[in-house]
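Step one of this worksheet: look at the structure below.
The values are calculated or read from the model by the stated rules, or taken from the named source; none is laboratory data. All figures in this text were calculated on a predicted structure; none of them were measured in a lab. Note that we place each Cβ from the backbone using ideal geometry, even for glycine, and neighbour counts take in every protein chain shown.
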Amino acid sequence: MVYKFEINANGPYNYEHSLAFLGRSDKEALFQVNAGKIFRPYACDGVNAMLAISGMKNGVNVEVSSDIISGESLEKISAFVTEWLDLDRDILAFYNMAAGDKILAPLVDKYQGARITCIPDFFETFCWAIAGQSISLHVVYIIKQLLVERFGEEAQILGKRYRMFPTPEKISSLDTEVLQSVKLTRNKAVCIKRVAEMVAAGEISKQMFDGVDTKAAVKELVKIKGIGGWTANYVMLRGLRRNDAFPLGDSGLVNALRIQLGLDRKPTEKEILDFAAGWNGWESYATFYLWRSLL
DNA sequence: ATCCAGGCTCCTG
DNA sequence: CAGGAGCATGGA
């Protein structure tokens with residue numbers, strides 16, 4: 001059966017920007033972009049379905065194909081898509097701030113309606129961020145593919161088999177040597193295993209950071225060996241959907257700024273903080289729009 | 001070949 | 001405390 005519903009974004013939204021970001025790699029393991037539609041196998045709490053997402057004015061259409069599905073499950077799927085594409089965030093305040101900023105003004109004009117592509121799964125966010133330290137995006141996609149293929153659980157959807165992102169329980173059960181075999185450095189393998197243990201044991205969770213400001217949350221996360229300022233802020237940005245996460249030193253951020261400002265060298269961290277002085281509270285979206293400028 | 005990728009730890013002076 | 005090597009891998 002196919003169930004259809006719409007999700008309206010909270011404020012400006014242009015689906016084309018979601019497509020551009022989601023379709024940036026042909027190595028993506030968890031979903032597919034094809035002819036303007038996003039196809040994603042979904043398996044959660046015993047509900048298996050294929051999602052087909054397409055754009056509409058200021059929102060998306062979602063088609064859910066599944067053998068059986070409850071209204072409650074459809075609501076969960078709606079919440080999942082909303083979180084993934086960041087459809088519920090009120091971004092008008094960001095636009096108001098950006099309009100007066102010499103770096104951001106042209107970007108919000110050019111990429112009107114672009115929203116951060118978030119990562120709804122808390123553990124997956126960590127894996128992506130940790131794996132992505134100091135290597136090119138291309139290689140992170142390869143690592144993600146290996147993680148999913150080798151350690152992800154299978155889900156049966158409409159007669160076909162798909163693999164989901166590995167659970168923290170599964171990853172925590174692996175020897176670090178095994179984890180290293182998916183092109184992770186030893187430190188990254190140890191760190192991912194540790195985070196897997198912590199998530200599986202409930203020592204860290206999204207809910208735990210409810211009401212905790214971003215700087216304090218970052219301070220907690222960097223206590224974990226292998227997680228530094230960049231990784232913690234990245235998790236805050238894409239996983240916990242904070243407005244004010246700022247992955248300083250991020251190579252994409254640095255390069256985008258260099259290009260936007262026409263510099264013949266990379267801006268220093270001090271200079272970046274200076275540029276960002278007026279972004280107060282919207283560093284996440286500022287960073288994402290700069291990333292968007294590199295696609 | 002050499003350098004750099006959406007970094008972090010550890011060691012040195 | 002700043003500075004630099006080492007880590008894994010693939011692309012330019």
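Would you point out the residue of the stretch A:221-241, among those that are more than 16 Å from DNA strand C (Cβ to nearest atom), of a type outside the set (A, V, I, L, M) and buried (at least 21 other Cβ atoms within 10 Å of the Cβ), that is nearest to A:ASP121 (Cα to Cα)? Out of the qualifying residues, it is A:GLY239.
Each residue in the stretch A:4-34 was checked for being part of a loop (DSSP other than H, G, I, E, B) and away from DNA strand B (no atom under 15 Å from the Cβ), and 9 pass. For the stretch A:190-207, indicate whether the set of residues that are near DNA strand B (Cβ under 10 Å from one of its atoms) and more than 15 Å from A:PHE123 (Cβ to Cβ) is non-empty. Looking through the stretch A:190-207, at least one residue is near DNA strand B (Cβ under 10 Å from one of its atoms) and more than 15 Å from A:PHE123 (Cβ to Cβ). When each of A:VAL178, A:VAL199, A:VAL218 is tested for being part of a helix (DSSP H, G or I), hydrophobic (A, V, I, L, M, F, W, C) and surrounded by fewer than 19 Cβ atoms within 10 Å (Cβ to Cβ), the lone residue that passes is A:VAL178.
Among residues of the stretch A:123-150 being closer than 23 Å to A:LYS206 by Cα and more than 16 Å from DNA strand B (Cβ to nearest atom), the one that is surrounded by the fewest Cβ atoms within 10 Å (Cβ to Cβ) is A:VAL148. Residue-level check: of (1) surrounded by 18 or more Cβ atoms within 10 Å (Cβ to Cβ); (2) in contact (Cβ under 8 Å) with a residue 24 or more places away in the chain, A:SER205 misses just (1).
If the condition is being within 13 Å of DNA strand B (Cβ to nearest atom), in a helix (DSSP H, G or I) and either surrounded by 13 or more Cβ atoms within 10 Å (Cβ to Cβ) or basic (Lys, Arg) (or both), then the stretch A:258-271 contributes only A:ARG258.
Counting the residues of the stretch A:23-58 that are touching a helix residue (DSSP H, G or I) at 6+ places or on another chain (Cβ under 8 Å) and on the phi < 0 side of the Ramachandran plot gives 18.
Candidates A:ILE204, A:ILE227, A:ILE192: the one that is assigned to a loop (DSSP other than H, G, I, E, B), within 25 Å of A:VAL139 (Cα to Cα), under 21 Å from the mean Cα position of the chain (by Cα) and modelled with pLDDT of 95 or more is A:ILE227. When we screen A:GLU124, A:GLU149 for residues that are touching a Leu at 6+ places or on another chain (Cβ under 9 Å), assigned to a helix (DSSP H, G or I) and either among the acidic types (Asp, Glu) or away from DNA strand C (no atom under 16 Å from the Cβ) (or both), the only hit is A:GLU124. Of the residues making up the stretch A:32-81, those that are farther than 22 Å from A:LEU294 by Cα and within 16 Å of the chain's Cα centre (by Cα) are A:ARG40, A:ALA79, A:PHE80, A:VAL81.
Residue-level analysis places A:LEU237 among those that are outside any loop (DSSP other than H, G, I, E, B), within 9 Å of DNA strand B (Cβ to nearest atom) and under 20 Å from the mean Cα position of the chain (by Cα). With the condition kept exactly as written, say whether any residue in the stretch A:164-182 is closer than 19 Å to A:GLN133 by Cα, under 21 Å from the mean Cα position of the chain (by Cα) and within 12 Å of DNA strand C (Cβ to nearest atom). Yes, that holds for at least one residue.
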